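Undergrad: Have a look at this one.
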Amino acid sequence: MTLFDTLQTSLRTVISYRIRSVLIVLAMSLGVAAVVILTALGDGARNFVINQFSSIGTNLLVVLPGRAETTGSFPGAVLGQTPRDLTLHDAQLLGRLPQVKRYAPLSIGAAELSIPNRLREVTVLGSNADLIPIRHMKLAQGSFLQHGSGRSAQIVLGAKIANEFFPRIPAIGQHIRLGDSRFLVSGILAPQGESMGFNTDEIVIIPVDYAQVLFNTTSLFRILVEAKNHGQIESTKQAILAALKQSHDGENDSTVITQDAILATFDRILEALTLAVAGIAAISLIVAGILVMNVMLVAVNQRTAEIGLLKAIGATSMDIRRLFFTEAAWLSLVGALLGFIFGQLGSLLIRIAYPQLPAWAPVWASLAAIGIALFTGIAASTLPAVKASRLNPVTALGKK
Amino acid sequence: MIRLIDITRTFKMGEQTVLALNQINLNITSGEYVSIMGPSGSGKSTLLNIIGLLDQPDAGRYELDGKVVTELTEVEQAQIRREKIGFVFQSFHLIPRLTAAENIELPLTLDGVPVSERKIRVQNALQAFELEQRANHRPSELSGGQRQRVAIARATIMQPSVILADEPTGNLDHKIGAEVMVLLEKLQQHGTTLIMVTHDRELGARATRQIAMRDGKIISDQTHDPV
């Protein structure tokens, strides 16, 4: 019997036992769909976390002054030598590194913000125009600190501050007093709430030079650096440290924090979770496989006389084995493909219901689900197929 | 040409050993019309199964067309069943899921005959057995006589040299049974060996050679001139 005829004959058998086939295909497809949907959820959660991080910026490196390390008690340490500060000069130096896309110096302090009949103490951020893209902030109105306008006294207000100081008139273009200087309101931040430790709705941002003058300091609180791409984080970190070491007379006195370490941990946890869930779902596939075995055993019993006849008209044991084998293979294949489609539809529904959750089943999970379904289905049919092929034709024909 | 030498077949029934065939010696030449008669348990069906290579003897030698077939492998025996032997059963043994045409086509499919040739041969067989109108009907939609005609068409589609019929009219009424017999005898007249097992004396008497069996032995073997 040719392979094509075998496949065709067994497909016809599958179709003719309609209810049985539909049920077994359903069982198989539910197993596959479970794997696809659950891994889509797991991987979606993983990507959700990564997206949250990248909303802060996954390519972000934070440079801070000082260095936390244990050293021996040498004279310098005994003298309590303080680390060199980070300066605007350092920030500009980092901006020239080839791995660095952009940077934003950060100077932080508090000052009194006032207009006639309004007054409050606010957190002041001194930075440059690149702070917005680096921190993925959004402006509600106006413009941010203009590039190359470090000398003009502009101020960007947090959403809540703007609302409190100018509840009735447009804030843009108004003058406002911060400390002893007058600033022109150029933009208002979109409400964002808490992010990285402070509430951006209640801050004001001014050019970094003004901030340094205001706080009477030359040092920076942080330098935020964005690497050109994610793969270069580590080399960027090294380049920053080297540049700062050179600028600080060979002293290794800065620290660079990347988000990668934290992100990698989350990534591992959620990937393990996805795997565990996929494993649990895969059990249902094995159950489906056993179901296939049961159904095929029943089929052998049901079709005993038929097997006897096939032998009488010249089928070899191999032909019979292959017929039962391919029958199970069809059931598994259709179940697996249908399950894949169900799974994709399920994932789509999840994505529609929770748009922020990117519930896409990873390719490996879909392939593994289909593979396991086919494997268990076909493996489970081995026993029935062999049983069928070993039937004695005389007794088989005698059975009604 | 069928040659059985000292064929013995025993069955175990619980503790007892039943001697179904006891050193049978039998020669059947090509084109003969043989009926095997005897009461149930006389071994006539076992003899037919052994001739049809469905059953293996415990002892003895079976030559088919000069070839010792008792020593062949399972695959080789299946090939001989496919090519040289056609079975007709009392209960037809059609596959209920398949149409009449597909049931007839089955031996060709097993033999790996190309589809285009299969279609032609099946069409010819449907014509020869007057089943053209029933080609696409399932066995459940056919009458008993039609079912047996499909079964005979299936048995002959490979143009076997031997047709083995086990009570071919057992499930049919007298008139239809007679029609089926005419069909089988027509095949025999065209040169096919026809061996038929029956316990119907009248039916057995139609054969030119009549073998009677009892307790696993041939008790009489008579050849008559055709009626």
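Undergrad: To the nearest 0.05, what FRET efficiency results for B:Gln189 and A:Leu11 with a Förster distance of 45 Å applied to their C-beta separation?
TA: 0.65
Undergrad: Also, I was wondering about something else. What ³J(HN,Hα) values, in whole Hz, does the Karplus curve 6.51 cos²θ - 1.76 cosθ + 1.60 give for the stretch A:288-299 when θ = phi - 60°, with x put for Gly and Pro?
TA: Working through the residues one at a time gives 4, x, 5, 4, 4, 4, 4, 4, 5, 5, 4, 4 Hz.
Undergrad: Something else: Restricting to DSSP loop positions (anything but H, G, I, E, B) with no more than 15 other Cβ atoms inside 10 Å of their own Cβ, which GluC sites (Glu not before Pro) remain in the stretch B:122-172?
TA: Of the GluC sites (Glu not before Pro), the ones in loops of the stretch B:122-172 whose Cβ has at most 15 other Cβ atoms within 10 Å are B:Glu130.
Undergrad: May I ask you to evaluate 6.51 cos²θ - 1.76 cosθ + 1.60, the Karplus curve with θ = phi - 60°, for each residue of the stretch A:378-388 and list the ³J(HN,Hα) values in order in whole Hz, giving x for glycine and proline?
TA: Couplings: 6, 5, 5, 8, 4, 4, x, 4, 5, 4, 4 Hz.
Undergrad: Also, quick follow-up: Between A:Ile115 and A:His136, what is the label-to-label distance in nm when each label sits 7 Å out along the Cα-to-Cβ direction?
TA: Simple spin-label model gives 3.2 nm for this pair.
Undergrad: Run through the stretch A:165-267 and list the chymotrypsin sites (Phe, Trp or Tyr not before Pro) located in a DSSP loop whose Cβ has at most 11 other Cβ atoms within 10 Å.
TA: Within the stretch A:165-267, no chymotrypsin sites (Phe, Trp or Tyr not before Pro) qualify (loop, at most 11 other Cβ atoms within 10 Å).
Undergrad: Now for a different question. Quick one: Cα centre-to-centre distance for the stretch B:25-70 and the stretch A:259-323, in angstrom?
TA: Distance between centres, Cα-based: 45 Å.
Undergrad: Hey, any idea what Rg/Rh is for the protein assembly as shown, computing Rh the Kirkwood way over Cα pairs?
TA: We get a ratio of 1.38 for the protein assembly as shown.
Undergrad: Among B:Phe11, B:Ile28, B:Thr73, flag the residue with its Cα farthest along the positive direction of the charge dipole of the stretch B:1-87, charges on Cβ as +1 for Lys/Arg and -1 for Asp/Glu.
TA: B:Ile28
Undergrad: Grab the eigenvalues of the alpha-carbon gyration tensor for the stretch A:102-225, scale each by 5, take roots, and send me the semi-axes largest first in whole angstrom.
TA: 20, 16, 14
Undergrad: Next question. What 222 nm value per residue comes from the helices of the protein assembly as shown, counting each DSSP H run with n ≥ 4 as -39,500 (n - 2.57) and dividing by all residues, nearest 500 deg cm²/dmol?
TA: -15500 deg cm²/dmol
Undergrad: Oh, and also: With everything on Cα atoms, drop me the angle between helix B:115-128 and the longest principal axis of chain B, reported from 0 to 90° to the nearest 10.
TA: 80
Undergrad: With a/c under 1.5 counting as rounded, go ahead and sort chain B into rounded, prolate or oblate using the C-alpha gyration tensor (a ≥ b ≥ c being the square roots of the eigenvalues; past the cut-off, prolate if a/b is larger than b/c, else oblate).
TA: Prolate shape, in that a/c is at least 1.5 and a/b is the bigger ratio.
Undergrad: When only C-alpha pairs under 8 Å and at least 6 residues apart count, what is the relative contact order of chain A, in percent?
TA: 30
Undergrad: A:Val49 to A:Ile352: FRET efficiency via 1/(1 + (r/R0)^6), r the Cβ-Cβ distance, R0 35 Å, to the nearest 0.05?
TA: The formula returns an efficiency of 0.95 here.
Undergrad: Would you grab the residues whose amide H sits under 5 Å from the one on A:Arg102? Only those 5+ places off in sequence or on another chain, please, with H modelled 1.01 Å from N.
TA: When sequence neighbours closer than 5 places are left aside, the close amide H contacts are A:Glu226.
Undergrad: A follow-up question, please. What dipole magnitude, in Debye to the nearest 20, does the protein assembly as shown give about its Cα centre under +1 on Lys/Arg Cβ and -1 on Asp/Glu Cβ?
TA: The calculated dipole for the protein assembly as shown is roughly 780 debye.
Undergrad: So what is the relative contact order of chain B, in percent, for Cα pairs below 8 Å that sit 6 or more residues apart?
TA: Working: 432 pairs, mean separation 69.0, N = 227.
Computed over chain B, the figure is 30 percent.
Undergrad: Okay, moving on. I want the antiparallel fraction of DSSP beta bridges within chain A, as a percent rounded to 5.
TA: Antiparallel bridges make up about 80 percent of those DSSP assigns within chain A.
Undergrad: Treating the beta-carbon of each Lys and Arg as +1 and of each Asp and Glu as -1, no other charges, what is the dipole magnitude of the stretch A:245-400 about its Cα centre, to the nearest 20 debye?
TA: Working: 11 positive and 9 negative charges, 307 e Å.
Roughly 1480 debye for the stretch A:245-400.
Undergrad: Applying the Karplus parametrisation 6.51 cos²θ - 1.76 cosθ + 1.60 with θ = phi - 60° to the phi angles of the stretch B:131-147, what ³J(HN,Hα) value in whole Hz is obtained for each residue in order, glycine and proline being reported as x?
TA: Computed from phi, the couplings for the stretch B:131-147 are 10, 4, 5, 9, 3, 9, 8, 7, x, 5, 9, 10, 6, x, x, 5, 4 Hz.
Undergrad: May I ask for the longest run of chain A untouched by GluC sites (Glu not before Pro) that are loop-located per DSSP and have at most 15 neighbouring C-beta atoms (other than their own) within 10 Å?
TA: Numbers: sites that count: A:Glu69, A:Glu251.
Longest site-free region, per DSSP loop and neighbour criteria: A:70-250.
Undergrad: Distance in nm between label sites at A:His175 and A:Asp209, each 7 Å beyond Cα in the beta-carbon direction?
TA: Result for the modelled spin labels: 2.0 nm.
Undergrad: Filter the cross-link list B:Lys84/B:Lys186; B:Lys44/B:Lys175; B:Lys12/B:Lys217; A:Lys138/A:Lys160 down to pairs whose alpha-carbon distance in this structure exceeds 22 Å.
TA: Checking Cα-Cα distances, B:Lys44/B:Lys175 exceed 22 Å.
Undergrad: A further question on this structure: Once you put a point 7 Å from the Cα of B:Met1 and another 7 Å from the Cα of A:Ser219, both along the Cβ direction, what distance in nm separates them?
TA: The answer from the label model is 11.6 nm.
Undergrad: Let me ask something else about it. Rounded, prolate or oblate: which one fits the stretch A:278-391, using the alpha carbon gyration tensor with axes a ≥ b ≥ c (rounded when a/c is under 1.5, else prolate when a/b beats b/c, else oblate)?
TA: Since a/c reaches 1.5 and a/b is larger than b/c, the shape of the stretch A:278-391 is classed as prolate.
Undergrad: Oh, and also: Give the calculated FRET efficiency between A:Ser143 and A:Leu345 to the nearest 0.05, with a Förster radius of 45 Å applied to their Cβ-Cβ distance.
TA: Rounded to the nearest 0.05, the efficiency is 0.50.
Readers should treat all values here as calculations from the given coordinates under stated rules, not as data from a laboratory. Note that this is a predicted model, so its numbers are computed, not measured. Cβ sites come from the backbone with ideal geometry, for glycine too, and all protein chains shown count toward neighbours.
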